[in-house]
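Undergrad: A single structure is presented below for examination.
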Amino acid sequence: MRRILIIGATSAIAEATARQFAARGDALFLVGRDASRLKAIADDLGVRGAVRTATASLEVTDFAAHAAVLEQADRDLGGLDTVLIAHGTLSNQRECEESVETLRREFDINALSVMALLTPLANRFAAQGHGTIAVISSVAGDRGRMSNYAYGAAKAAVSAFLSGLRQRLQKSGVNVLTIKPGFVDTPMTRDFPKGALWAKPEDVAKGIVNAIDKGRSVAYLPWFWSLIMLVIKHVPEFLFKRVKL
Amino acid sequence: MTVKGQSWGRYPRADQRLIALTDRHAPLPSFEGSALPHGNGRSYGDSCLNHDGTLLHTRGLDRLIAFDPATGVLRCEAGVLLADILDFAVAQGWFLPVTPGTKFVTVGGAIANDVHGKNHHVAGCFSEWVNGFELLRSDGSRRWCSPSENADWFAATAGGLGLTGVITWAELRLRRVRGAWMNVETHRFSRLREFLQLSAASESDYEYTVAWIDCAARGDRLGRGHFIRANHAPAGDGPARPRRRLAVPVTPPVSLINSLSLRAFNTLYYHRQRGRVAHALTHYEPYFYPLDSIGDWNRIYGRRGFLQYQCVVPPEDAEHTLTDLIEQIADSGTGSFLAVLKMFGQRRSAGILSFPRPGATLALDFPNDGHATFELLERLDDVVAAAGGAVYPAKDARMRADRFRAYFPAWETLRPYLDPRFSSGFWRRVTE
């Protein structure tokens, strides 16, 4: 049995991942914004086999509230083995170009709140000397593109932060996993035809659990995104700037 | 976003907007024009499509709410698949009391079509096992509907094709099983009369009865097939659950089902069993869901898709009526790899528009060859209507309005319960 904290537990990928954990009989502490949706998810995980579920509401940009929620999760589960940070918003690039206010808010949610949560968590995990910190970043953080560079830049910050954290926690026996999903199919379009690049949340969830179990450092999900991003990262800038992506 | 959508038969196609429902407590999102709840899209024709309208996708409502392992009572959201229920319940000794031939349907869809299974003669329709459900209407109202509370709404919605509102969650009664295995007995029969005799003789001792028939055989061989009867096996070890899932990777430009492949397959299938009777211990998955192991099997009918035809004809003259139907099909040289034949029992369905009624039900697929196919199905309708039978809306893409009204004379009593902002391609076709 693992004691798992999930932040952003109402996201499609987080919920699908939580179901994988529940089926194995893990204990789960779910954090999200909407209490009634958290309750619905917690009930579901209980029927699916989770030995324990508990929830807490949190607005991730309410930085002052972070410590209490982390403390509550730790106390409720009797310690933490794994944390999965999955919250985020897919920013509207155009609005970020027009409003500094929007840009800052998107950065607060997608980058700063994640780093802020990781700071005490990293210290806690380093002190206990074991565990996994898994964070959903994005392939969008690998290279800024005109269509979503505000979001991409926030995810790039998260990826770089995790890379450093991984080096730092290596000697403590704590694994830091950066998850980089590509296009993920949501319930809305699940049954309708779409390109071969689209993955289902359940498949991404299996990839996350597998990467956690194997102690991986970076997981592109599905795996072929590592090849796609390898190419995209290596297109020379003088060519890249002429491409519309 | 406008999306071209298809139903399981891949005919017809419809342009519609999609809205995902993900929170059962949330109000219905606003939409223009008409809307229709859409689960996993396993209905064959246009009863799950809404051309130029909106589909309210319910697969995002896929949470289990509570399960009592002592009583087998399950509460779950409407977008939960029957497969999801089996995944956790069988290990705890519980099974679906009624299941159709695919486990990839949603609970809401199973209620809206009041589906049946191979045990209709003992268990009736799906809605018989539904304690109740919440119905959310476009006016924002929510009703708990059960056989005792808002019973009229329950009767209108079970089998009501999604037209009375969105089912958000439901409470079901599961049934006890001792394990995942089935004792299956297969009898080869050479004419329809034998099928009817086997059916009658098996009714009291076998929970599940169904037959596959060779719809390509004519003359002396007409109506030959395999009668399969089964019960849940007592606990114990059985063959492992089959793991490999195949899939049809692409849609061929033309149907792979033609008169040549059809005759060859059916003849081989009929003769695959050496003796007249065979026994087997089988896992429930290949027994109940033989086609679910082949992903996207509906693609083998090619780009034009296929039409399923499922009818029920009264028991009194079943042999004669079925002979007429199978002769028409065999003469046409079209049809599916094996047709499915089953006797429905006497149990009355709860729903106003429920399809099952006493008699024999025949189901098979026809590749969409255009005019010829539609003409054949029209001729089958002539036979079914003359006999006083009915055709199954969940599997239909072409029945005439006057036929529908004759098959379901109670259809007008549904009117006051229809959600004024809901509609479907099927409903417009048969009522306007």
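Undergrad: Within the range A:132-188, count every residue that is over 17 Å from the mean Cα position of the chain (by Cα) and within 14 Å of another protein chain (Cβ to nearest Cβ).
TA: Residues flagged as over 17 Å from the mean Cα position of the chain (by Cα) and within 14 Å of another protein chain (Cβ to nearest Cβ) within the range A:132-188 amount to 2.
Undergrad: I need the full set of residues from the range B:73-87 which are closer than 26 Å to B:T209 by Cα, surrounded by 19 or more Cβ atoms within 10 Å (Cβ to Cβ) and out of contact with any Ser or Thr (no Cβ under 9 Å at 6 or more places or on another chain), in order please.
TA: B:D84, B:I85
Undergrad: Further question: Tally the residues that are under 12 Å from the mean Cα position of the chain (by Cα) and open to solvent by 20 Å² or more (accessible area, probe 1.4 Å), restricting the search to the range A:9-30.
TA: The qualifying residues number 4.
Undergrad: Kindly check whether there is at least one residue in the range B:29-38 that is more than 18 Å from the chain's Cα centre (by Cα) and open to solvent by less than 10 Å² (accessible area, probe 1.4 Å).
TA: yes
Undergrad: Can I ask one more? Regarding the range B:364-386, can at least one residue be identified that is in a strand (DSSP E or B), modelled with pLDDT of 95 or more and of a type in the set (D, E, K, R)?
TA: No, that holds for no residue.
Undergrad: Test B:L81 against the criterion of being at negative phi and facing another protein chain (nearest Cβ under 10 Å), and give yes or no.
TA: no
Undergrad: Please determine whether any residue of the range A:60-78 is open to solvent by less than 40 Å² (accessible area, probe 1.4 Å), of a type outside the set (A, V, I, L, M, F, W, C), within 30 Å of A:N148 (Cβ to Cβ) and more than 13 Å from the chain's Cα centre (by Cα).
TA: Yes, the range A:60-78 contains at least one residue that is open to solvent by less than 40 Å² (accessible area, probe 1.4 Å), of a type outside the set (A, V, I, L, M, F, W, C), within 30 Å of A:N148 (Cβ to Cβ) and more than 13 Å from the chain's Cα centre (by Cα).
Undergrad: Just name the residue that is farthest from the other protein chains (Cβ to nearest Cβ) out of those in the range B:59-70 that are open to solvent by 10 Å² or more (accessible area, probe 1.4 Å) and touching a residue at least 12 places away in the same chain (Cβ under 8 Å).
TA: So the residue we want is B:P69.
Undergrad: Kindly provide the set of residues from the range A:37-59 that are open to solvent by 20 Å² or more (accessible area, probe 1.4 Å) and under 20 Å from B:L74 (Cα atoms), ordered by number.
TA: A:R37, A:K39, A:D43, A:G46, A:V47, A:R48, A:G49, A:V51, A:R52, A:T53
Undergrad: Name the residues in the range B:293-330 that are more than 22 Å from B:L262 (Cβ to Cβ), part of a helix (DSSP H, G or I) and in contact (Cβ under 8 Å) with a residue 60 or more places away in the chain, would you?
TA: Those that are more than 22 Å from B:L262 (Cβ to Cβ), part of a helix (DSSP H, G or I) and in contact (Cβ under 8 Å) with a residue 60 or more places away in the chain: B:A318, B:E319, B:T321.
Undergrad: If I go through the range B:209-258 residue by residue, how many of them are assigned to a strand (DSSP E or B) and either open to solvent by 30 Å² or more (accessible area, probe 1.4 Å) or touching a helix residue (DSSP H, G or I) at 6+ places or on another chain (Cβ under 8 Å) (or both)?
TA: 13
Undergrad: Checking the structure you have, find out if any residue of the range B:88-101 is farther than 30 Å from B:I19 by Cα, open to solvent by less than 10 Å² (accessible area, probe 1.4 Å) and within 11 Å of chain A (Cβ to nearest Cβ).
TA: Yes; the residues of the range B:88-101 include at least one that is farther than 30 Å from B:I19 by Cα, open to solvent by less than 10 Å² (accessible area, probe 1.4 Å) and within 11 Å of chain A (Cβ to nearest Cβ).
Residues checked against (1) surrounded by 16 or more Cβ atoms within 10 Å (Cβ to Cβ); (2) farther than 30 Å from A:P236 by Cβ; (3) touching a residue at least 40 places away in the same chain (Cβ under 8 Å):
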| residue | (1), (2), (3) |
| --- | --- |
| A:E106 | yes, no, yes |
| A:S113 | yes, yes, yes |
| A:Q128 | no, yes, yes |
| A:I136 | yes, no, yes |
| A:M146 | no, no, yes |
| A:A154 | yes, no, yes |
| A:F183 | no, no, no |
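Undergrad: Testing B:F189 on (1) farther than 30 Å from B:L322 by Cα; (2) open to solvent by less than 10 Å² (accessible area, probe 1.4 Å); (3) of a type in the set (A, V, I, L, M, F, W, C), one condition comes back false. Which one is that?
TA: (1)
Undergrad: With respect to B:A397, is the statement that it is crowded, with 22+ Cβ neighbours inside 10 Å, in contact with a Gly (Cβ under 6 Å, 6 or more places away or on another chain) and within 27 Å of B:L36 (Cα to Cα) true?
TA: So B:A397 passes the test.
Undergrad: Can you tell me how many residues in the range B:102-130 are surrounded by fewer than 20 Cβ atoms within 10 Å (Cβ to Cβ) and either without any contact (Cβ under 8 Å) to a residue 40 or more places away in the chain or within 23 Å of A:G49 (Cβ to Cβ) (or both)?
TA: Total satisfying the criteria: 1.
Undergrad: Quick check on A:S113: is it part of a loop (DSSP other than H, G, I, E, B), among the polar types (S, T, N, Q) and more than 14 Å from every other protein chain (Cβ to nearest Cβ)?
TA: No.
Undergrad: Kindly establish whether A:V176 is at pLDDT 90 or above, open to solvent by 70 Å² or more (accessible area, probe 1.4 Å) and over 30 Å from B:R59 (Cβ atoms).
TA: no
Undergrad: Search the range A:193-244 for residues being assigned to a loop (DSSP other than H, G, I, E, B) and of a type in the set (A, V, I, L, M, F, W, C), and hand back the single one that is farthest from the other protein chains (Cβ to nearest Cβ).
TA: Ranking the candidates gives A:V235 first.
The values are calculated or read from the model by the stated rules, or taken from the named source; none is laboratory data. This structure is a prediction, so every number in the text was calculated from the model and none was measured. So basically every Cβ, Gly included, is an ideal-geometry build from the backbone, and we count neighbours across all protein chains shown. Each accessible area value is taken on the protein alone, full model and side chains, heavy atoms only, with ligands, DNA and RNA left out. Shrake-Rupley method; radii C 1.70, N 1.55, O 1.52, S 1.80 Å.
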